[in-house]
Amino acid sequence: MAANGIDKALGISPQVLALRMKRMNLLTANIANADTPDFKARDIDFRTALAKATASQTRVDTTKPGHIALSGGVSQPQIQFRQPLQESVNGNTVDAQAEHAAFMENAMRYQASIQLLDNRISGIKKAIKGEP
Amino acid sequence: MSLFDAMDIAGTSLSAQTIRLNAIASNMANANTVASTPEETYRARTPLFKAVLEAQFANDASKMGVQVDRIEEVGGDPRAEFNPGHPLADEEGYIYKPDIDVATEMVSMMQASRSFQNSIEAINTAKQLAMRTLTLGK
């Protein structure tokens, strides 16, 4: 398939972006619940999640009516609870500073992936137009 | 779209913290409100936060906002003060003042304000990323 070729050209960047978004949602939820009693901060292990997401890219052929096609997109990453460095009296495990740092790091890496994707796209565009 | 979900989540925090700020403002404004009976005296109130997995978020466990579960009256009983000259004094000459610690309220206010700022920051970052994603490939 022709579309497959372009998919391949983009590498794992689409999966990375989708996972980064999911992680950003989690970290935003942690920051939003910084004052909620008994709230447990959550995060994903990015390495495992990405490995799982890229592995599920394997295409499954549906040759018979009973076969179910794999749905596109990223599989749900495993959400884990953060181990708090310091217990708080109200049972909340959100460390605002750590969450902030993680959020910013995630945003930076998201932008890095966007940049990478941008370069790839302009490369493909050049190839299509046949420009030197 | 996921990037806008981040804004929604941070938005729930903004409204929850606003309610908290309102309650604090109300407590501080009424710190010196005098009444003739203990029942009529103003009592400090504070919102209780609860993590929310709304219907709109329900299909994805990574999204969880915050909401005000309920507003509770807190603090001890009103303080009776002997002041027979006060126009609101009862037959025995007592007036009643609410048990509000202004210092505690101020600390709580700072906390609410910081949390508000954090959420604003998160929204701003999410916005930048969304804008950057929109211009992808240009």
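The values are calculated or read from the model by the stated rules, or taken from the named source; none is laboratory data. Fair warning: this is a prediction, and the values are worked out from it, not measured in the lab. Please note: Cβ atoms are built from the backbone with ideal geometry, for glycine as well, and neighbour counts cover all protein chains shown. Please note that ligands, DNA and RNA were not included when accessible areas were found on the heavy atoms of the full protein model with its side chains. Shrake-Rupley method; radii C 1.70, N 1.55, O 1.52, S 1.80 Å.
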Check your understanding: Being at pLDDT below 90, in contact with a Leu (Cβ under 8 Å, 6 or more places away or on another chain) and within 14 Å of A:Ser13 (Cβ to Cβ), is that true of even one residue in region A:75-94?
Key -> no
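Mind checking which residues of region B:8-53 are within 14 Å of chain A (Cβ to nearest Cβ) and open to solvent by 50 Å² or more (accessible area, probe 1.4 Å)?
First, pick out the residues of region B:8-53 that are within 14 Å of chain A (Cβ to nearest Cβ): B:8-21, B:23-24, B:46-53.
Those that are within 14 Å of chain A (Cβ to nearest Cβ) and open to solvent by 50 Å² or more (accessible area, probe 1.4 Å): B:Asp8, B:Ser15, B:Thr18, B:Ile19, B:Leu21, B:Leu48, B:Lys50, B:Leu53.
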Practice item. Six or more apart or on different chains, Cβ under 8 Å: which pairs go from a residue in region A:11-23 that's closer than 12 Å to A:Asp118 by Cα to one that's among the small types (Gly, Ala, Ser)? Could you list them? Key: A:Ser13/A:Ser113
Check your understanding: Mind checking which residues of region A:36-56 are within 7 Å of chain B (Cβ to nearest Cβ) and either surrounded by 23 or more Cβ atoms within 10 Å (Cβ to Cβ) or on the phi > 0 side of the Ramachandran plot (or both)?
Key -> A:Thr36
Check your understanding: A:Ala98 versus (1) without any contact (Cβ under 8 Å) to a residue 24 or more places away in the chain; (2) closer than 30 Å to B:Phe49 by Cα; (3) open to solvent by less than 40 Å² (accessible area, probe 1.4 Å): which is the lone unmet condition?
Key -> (3)
**Study point:** B:Leu134, sole failed condition from (1) open to solvent by less than 80 Å² (accessible area, probe 1.4 Å); (2) within 14 Å of chain A (Cβ to nearest Cβ); (3) not acidic (Asp, Glu)
**Key:** (1)
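Filter region A:116-132 for residues that are more than 8 Å from every other protein chain (Cβ to nearest Cβ) and surrounded by 13 or more Cβ atoms within 10 Å (Cβ to Cβ) and give the result. Break it down into steps so the answer makes sense when it comes.
Keep residues of region A:116-132 that are more than 8 Å from every other protein chain (Cβ to nearest Cβ), which gives A:116, A:119-120, A:123-124, A:126-132.
Within region A:116-132, A:Leu116, A:Arg120, A:Ile124 qualify.
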Review point. Any residue in region B:72-86 that is open to solvent by less than 70 Å² (accessible area, probe 1.4 Å), within 14 Å of another protein chain (Cβ to nearest Cβ) and either within 26 Å of B:Gln128 (Cβ to Cβ) or not acidic (Asp, Glu) (or both)?
Key: yes
Point to revise | Residue check, B:Ile123 of a type in the set (A, V, I, L, M) and over 30 Å from B:Ala80 (Cα atoms) | key: yes
